Amino acid sequence: MKRVFSGVQPTGNLHLGNYLGAIKNWVAMQREYDCIYCIVDLHAITVPQDPAELTANTREVTAGLLAAGLDPKTCIIFNQSSVTGHAELAWILNCFTPLGWLNRMTQFKEKAGKRRENALLGLYAYPVLMAADILLYHASAVPVGEDQKQHLELSRDIAGAFNRAYDVAFFPLPEPMIFGAATRVMSLRDGRAKMSKSDGSDYARINLTDDADTLALKIKRAKTDSEPGLSFDPERRPEAANLLSIYAALAGEPVERIVAEHTGMGFAAFKGKLADLATATLGPIAQRMRELQADPGYIDGVLADGAERARAIADANLAEVRRIMGLLDA
Ligand code: TYM
């Protein structure tokens, strides 16, 4: 069975972009593939983290994954720092990654901004850790949102560099799996900016923990344009296209069908329908998340079990990496 790996950072609330771009697809794949899903706390520390919040967020994101429908018996769910092989393989892969490749990463450029000299090495090396996450398990399929595509291409290049250096076909070249109607969910306040955890305004995003009233209010206040009636034209009408894509993804329908059904409808009426659909699909997830969060012992148990199963695979692959490289296992 094909092995799938993907990850999500435990930095604040899961939002609709995480859900529609990634987690919903993870759930859909869990019975067809051998799936490993990771709460990537070592990625989260590439920016400053409050220790207590990091622990709480790790549990919260785990609760979110379970509430969204991941079955911890079927797939492996664990937090990255519990399996030390991630950091070890990342170091090894650092030694196969030219700086020129990292210099191309747009996410680093965006995050480091103008203060590049002060940017941390961890933030710069982040995509190498991401490659290590995937390659540690020999995963060949990686379901992610559109924004991770460039990092996935780098993972392929790094896998190839290692294989070439030792003339082996050891690491499979991971394939991004980017699918569904909303692979890039945009901010509700600006149809040209990605919905993200770091947006200053909470009205820019829908959190998986938002209650029905908050959901309805955020959708009602979502930015629109002044053209009458809806149409799907991401270039010219990014806000309308975003709302239509969100609707299609929540409904599990192709965007073309949703567009055909709603062309000409006014924004106000459509937003009402979207709020109802969002409440019906996300409401039960939020409810289940609250129940799960009331039992941190259960959450920690899921992570411990996942880490043990992940470690077994990781250790075997790392032993092989050491053997290939001639690192003496004394
Ligand atoms: P992260 O935590 O930023 O996001 C988790 C997943 O959600 C997707 N996503 C979106 N999809 C659509 N629209 C959006 N607005 C949106 N925002 C986020 C992301 O594409 C991602 O799939 N570096 C990764 C985590 C990671 C990882 C990995 C992923 C670490 N190691 C190995 C795959 C394989 C990240 O920061 O995701």
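Looking at region 75-98, which of its residues are part of a helix (DSSP H, G or I) and touching a residue at least 24 places away in the same chain (Cβ under 8 Å)? Answer for region 75-98, where residues must be part of a helix (DSSP H, G or I) and touching a residue at least 24 places away in the same chain (Cβ under 8 Å): Gln80, Ser81, Ser82, Gly85, His86, Ala87, Glu88, Leu89, Ala90, Ile92, Leu93, Asn94. The residues on offer are Ala63, Ala56, and the sole one that is without any contact (Cβ under 8 Å) to a residue 24 or more places away in the chain and assigned to a helix (DSSP H, G or I) is Ala56.
For residues that are among the polar types (S, T, N, Q) and under 28 Å from Met195 (Cβ atoms), scanning just region 138-158, find the one that is farthest from the ligand (Cβ to nearest atom).
Gln150
Examine region 112-127 for a residue that is away from the ligand (no atom under 15 Å from the Cβ), of a type outside the set (A, V, I, L, M), modelled with pLDDT of 95 or more and surrounded by fewer than 20 Cβ atoms within 10 Å (Cβ to Cβ), and state whether such a residue exists. Checked region 112-127: no residue is away from the ligand (no atom under 15 Å from the Cβ), of a type outside the set (A, V, I, L, M), modelled with pLDDT of 95 or more and surrounded by fewer than 20 Cβ atoms within 10 Å (Cβ to Cβ).
If only residues of region 1-39 that are surrounded by fewer than 24 Cβ atoms within 10 Å (Cβ to Cβ) and β-branched (Val, Ile, Thr) are counted, the one that is farthest from the ligand (Cβ to nearest atom) is Val27. For region 138-172, residues that are of a type in the set (Ser, Thr, Tyr), under 24 Å from the mean Cα position of the chain (by Cα) and part of a helix (DSSP H, G or I) total 1. Taking first residues from region 130-145 that are free of Cβ contacts under 8 Å to residues at least 12 places away in the same chain and under 21 Å from Lys24 (Cβ atoms) and partners that are near the ligand (Cβ under 8 Å from one of its atoms) and among the charged types (D, E, K, R), no Cβ contact under 7 Å between residues at least 6 apart in sequence or on separate chains turns up.
Here the condition is being small (Gly, Ala, Ser), within 13 Å of the ligand (Cβ to nearest atom) and in contact (Cβ under 8 Å) with a residue 60 or more places away in the chain; of Ala182, Ala161, Ala165, it holds for Ala182 alone.
The values are calculated or read from the model by the stated rules, or taken from the named source; none is laboratory data. No experiment lies behind these values; they were computed from the predicted model shown. Glycine gets a Cβ as well: all are built from the backbone with ideal geometry, and neighbour counts include every protein chain shown.
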